[in-house]
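The values are calculated or read from the model by the stated rules, or taken from the named source; none is laboratory data. Here the structure is a predicted model, which is why all the values come from computation and not from measurement. For accessibility, only protein heavy atoms count, side chains too; no ligands or nucleic acids. Shrake-Rupley method; radii C 1.70, N 1.55, O 1.52, S 1.80 Å.
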Amino acid sequence: MGGYGGWGYGYSAAPQGTPVPVDEEIQLEAANFRFDPATITVKAGETVRLVVANKDGVPHNLYSPEVALAYTLLPAGVVQSVTFTAPTTPGTCLTVCTFHPGMNLEIVVK
């Protein structure tokens, strides 16, 4: 059975090799149970792609109740990307790895 058929999982995904256009792409590392950099700055309302390289030997994830960022699993040794639209109101939002307390990424919206 070809294509995606009726398999609507409640989200849409661009086919591999066809990245969604973004205003900004930010590279991150997950290493030593920390995100590096630990703070990023984005413009209000812009579309951002986070490209996260997990350098640890264990999985991590990205989750934020404050940003429209899909829960993203970061398998050990893998590079994953997630695209989100920054809030339109300036402020600071927290994104965390729910597996490892204290592993936080601060998103500053200007």
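Across the accessible surface of region 46-100, with the other protein chains kept in place and a 1.4 Å probe, carbon and sulfur atoms take up 59 percent. For region 28-110, the solvent-accessible area of protein heavy atoms averages 49 Å² per residue (probe radius 1.4 Å; ligands and nucleic acids excluded).
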